[in-house]
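Asks: Encoded as structure tokens, here's the structure I'll be asking about.
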Amino acid sequence: MDIGRFEVRERPVANAGVRMTSTAPHRELIRVGVVGLSASGGWAATAHVPALAGLDGYELRALSAGSAESARAAGEKYAVPLAFASAEELARSEEVDLVVVTVKVPHHLELIRPALEAGKMVFSEWPLGADLAQAEELADLAHRRGVLTAVGLQARSAPPLRYLRDLVVEGYVGRVLSTSMLGSGWIGGATYDDNYAYVLDATSGATLLSIPFGHSVDALTMVLGEFREVSALVENLRPEVTNVTSGAVAAKSAEDQIAVTGVLESGAVAAMHFRGGTSRATAFHWEINGTEGDLVVKADRAQWWYGGTQLYGARGEEGALTELPVPARYQRSLTQWTGRSAEPACSVAHEYALLRGQIIGSLAPDEDGVPDFRHAVRRHAMLERVREAARAGRKVTLAEQGA
């Protein structure tokens, strides 16, 4: 197999430093194997299958599940030619170029490792690991194997967020003075169901801090740059929660309130507050305020990074916010997704389109790609610093911590 190496060019804006190197095969068709695709549904079925189906240059070639029987059922349902009973078998297949891992966070390490050891490109959903140490282990292994990696922080690929970043860079608001983000977390509420019992455990890696806050702070830093210092409160105000089916009460160690304030590297002041569960008032609201204008991002669901965001702005003498439609050029020729931005598969499709550009070396000179495992480690490290600030009750300077 001929091996090529591509170095993705970086866009000189807020997310500088996200760089991926590929040892992917030179082939027009990228053959995908999905770990965790189930006939009963789930994130892979909701987002990855329709995203891949609507893109040229990809073939959903294989899947793996927890047993041979469940793999066969999924293969039949989604018309996937190869169905494996384990992630190890999938990773060894010569008919798979890109391994996509869509399972629960506690299983990422054990399921990603075989793909990296087999020298396969890997796309993992976020969070990369259950903690920073796991993320570092996977990133180090990927580096040693010299393989391309990607992590599913899909807000970075979404057209509205890319447009928002450009508006800021082009001076729509002038100099950014402050930014405020308020969100509901979906997880961390007063109730839970059996499928999500694992998120009650703070050590699972799937918490209010790692998932809703993690996706959101990554989007904020993509648009405005990284934090220089943070202060934080991370609290568990609902130590007991109720099962929606049985009514049983279970202990919860994971947080349900996060409040972070800080200063960005640009000097702008930032404030983020995420509440567990849902709110009757606000699902998601993000303001960017500057010397010349204001920008607002709104969404009517807690998992706002899935899509369906609306942008609003006003500047100069304009007295009221108006909606800012996303220009067509941000669709990257994915015209089949026009008018479907609220579907979770839309942002994932844009991730895959950017990833293909990285693999075959076709990204435009001013276009950045999908974040890799090294970026995931930096984001995990930042979240650890937030926890440190909350535990210590003091401001933490991120630059000194390597986040």
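The values are calculated or read from the model by the stated rules, or taken from the named source; none is laboratory data. This is a predicted model, so every value here is computed, not measured. Cβ sites come from the backbone with ideal geometry, for glycine too, and all protein chains shown count toward neighbours. Ligands, DNA and RNA are stripped out before the accessible areas are found, and what is left, the full protein with its side chains, is counted by its heavy atoms. Shrake-Rupley method; radii C 1.70, N 1.55, O 1.52, S 1.80 Å.
Asks: Quick one: how many residues across the range 19-35 are surrounded by 20 or more Cβ atoms within 10 Å (Cβ to Cβ) and at pLDDT below 95? Even if it seems obvious, please write down each step before you answer.
Replies: Initial filter on the range 19-35 (surrounded by 20 or more Cβ atoms within 10 Å (Cβ to Cβ)): 20, 22, 24, 30, 32-35.
Remaining after also requiring at pLDDT below 95: 20, 22, 24.
Residues in the range 19-35 being surrounded by 20 or more Cβ atoms within 10 Å (Cβ to Cβ) and at pLDDT below 95: 3 in total.
Asks: Within the range 317-375, how many residues turn out to be of a type in the set (Val, Ile, Thr) and more than 19 Å from residue 147 (Cβ to Cβ)? Can you show your working first?
Replies: As a first pass, look at the range 317-375 and keep what is of a type in the set (Val, Ile, Thr): 322, 326, 335, 338, 348, 359-360, 370.
Within this subset, residues satisfying the condition of being more than 19 Å from residue 147 (Cβ to Cβ) are 322, 326, 335, 338, 348.
Summing the residues that are of a type in the set (Val, Ile, Thr) and more than 19 Å from residue 147 (Cβ to Cβ) in the range 317-375 gives 5.
Asks: Among the numbered criteria (1) part of a helix (DSSP H, G or I); (2) closer than 26 Å to residue 125 by Cα, which single criterion is violated by residue 308?
Replies: So residue 308 meets the others, but not (1).
Asks: Something else: Looking at the range 336-365, which of the residues that are over 18 Å from the mean Cα position of the chain (by Cα) and among the hydrophobic types (A, V, I, L, M, F, W, C) is nearest to residue 34 (Cα to Cα)?
Replies: Initially, the range 336-365 is screened for residues over 18 Å from the mean Cα position of the chain (by Cα), giving 336-340, 357, 359-365.
This time we only want the ones that are among the hydrophobic types (A, V, I, L, M, F, W, C), so: 337, 359-360, 363-364.
Working: 337: 22, 359: 18, 360: 20, 363: 24, 364: 28 Å.
That would be 359.
Asks: Whether any residue in the range 298-311 is farther than 16 Å from residue 156 by Cβ, crowded, with 18+ Cβ neighbours inside 10 Å and more than 24 Å from the chain's Cα centre (by Cα) is what I want to check.
Replies: no
Asks: Restricting attention to the range 104-133, and to residues there that are among the small types (Gly, Ala, Ser) and within 24 Å of residue 385 (Cα to Cα), which single residue is most open to solvent (accessible area, probe 1.4 Å)? Write out each step before concluding.
Replies: Step one: list which residues in the range 104-133 are among the small types (Gly, Ala, Ser), which gives 115, 118-119, 124, 129-130, 133.
Okay, now just the ones that are also within 24 Å of residue 385 (Cα to Cα), so 124, 129-130, 133.
Details: 124: 0, 129: 1, 130: 25, 133: 64 Å².
The qualifying residue most open to solvent (accessible area, probe 1.4 Å) is 133.
Asks: Exactly one condition in (1) among the aliphatic types (A, V, I, L, M); (2) at pLDDT 50 or above; (3) in contact with a Pro (Cβ under 9 Å, 6 or more places away or on another chain) is false for residue 85; which is it?
Replies: Among (1) among the aliphatic types (A, V, I, L, M); (2) at pLDDT 50 or above; (3) in contact with a Pro (Cβ under 9 Å, 6 or more places away or on another chain), residue 85 violates only (3).
Asks: Can you tell me which residues in the range 338-374 are free of Cβ contacts under 8 Å to residues at least 40 places away in the same chain and either in contact with a strand residue (DSSP E or B) (Cβ under 8 Å, 6 or more places away or on another chain) or open to solvent by less than 20 Å² (accessible area, probe 1.4 Å) (or both)?
Replies: Filtering the range 338-374 for residues free of Cβ contacts under 8 Å to residues at least 40 places away in the same chain gives 338-340, 342, 357, 362, 364.
357 - this is the single residue of the range 338-374 that is free of Cβ contacts under 8 Å to residues at least 40 places away in the same chain and either in contact with a strand residue (DSSP E or B) (Cβ under 8 Å, 6 or more places away or on another chain) or open to solvent by less than 20 Å² (accessible area, probe 1.4 Å) (or both).
Asks: Something else now. Please enumerate the residues belonging to the range 40-72 that are open to solvent by 40 Å² or more (accessible area, probe 1.4 Å) and in a helix (DSSP H, G or I).
Replies: Those that are open to solvent by 40 Å² or more (accessible area, probe 1.4 Å) and in a helix (DSSP H, G or I): 43, 46, 50, 53, 68, 69, 70, 72.
Asks: Looking at the range 251-267, can you tell me whether even one residue there is under 18 Å from the mean Cα position of the chain (by Cα) and in a loop (DSSP other than H, G, I, E, B)?
Replies: Quick first cut of the range 251-267, residues under 18 Å from the mean Cα position of the chain (by Cα) only: none.
The answer is no; no qualifying residue exists.
Asks: Scan the range 171-190 and tell me whether some residue there is closer than 29 Å to residue 286 by Cα, hydroxyl-bearing (Ser, Thr, Tyr), more than 21 Å from the chain's Cα centre (by Cα) and open to solvent by 30 Å² or more (accessible area, probe 1.4 Å).
Replies: Here is the first cut: in the range 171-190, the residues closer than 29 Å to residue 286 by Cα are 171-190.
Filter again for hydroxyl-bearing (Ser, Thr, Tyr), leaving 172, 178-180, 184.
Checking the rest, the ones that are also more than 21 Å from the chain's Cα centre (by Cα) come to 172, 178.
Then keep just the ones that are open to solvent by 30 Å² or more (accessible area, probe 1.4 Å); that gives 178.
Yes, the conditions are met somewhere in the range 171-190.
Asks: While we're on this one: Determine whether residue 79 is at pLDDT 95 or above, open to solvent by 30 Å² or more (accessible area, probe 1.4 Å), more than 22 Å from the chain's Cα centre (by Cα) and small (Gly, Ala, Ser). Reasoning before the result, please.
Replies: On the way: at pLDDT 95 or above: yes; open to solvent by 30 Å² or more (accessible area, probe 1.4 Å): yes; more than 22 Å from the chain's Cα centre (by Cα): yes; small (Gly, Ala, Ser): yes.
Taking the combined requirement at face value, the residue satisfies it.
Results for (1) of a type outside the set (Ser, Thr, Tyr); (2) open to solvent by less than 70 Å² (accessible area, probe 1.4 Å), shown as yes or no for each residue.
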| site | (1), (2) |
| --- | --- |
| 230 | yes, yes |
| 246 | no, no |
| 249 | yes, no |
| 260 | yes, yes |
| 283 | yes, yes |
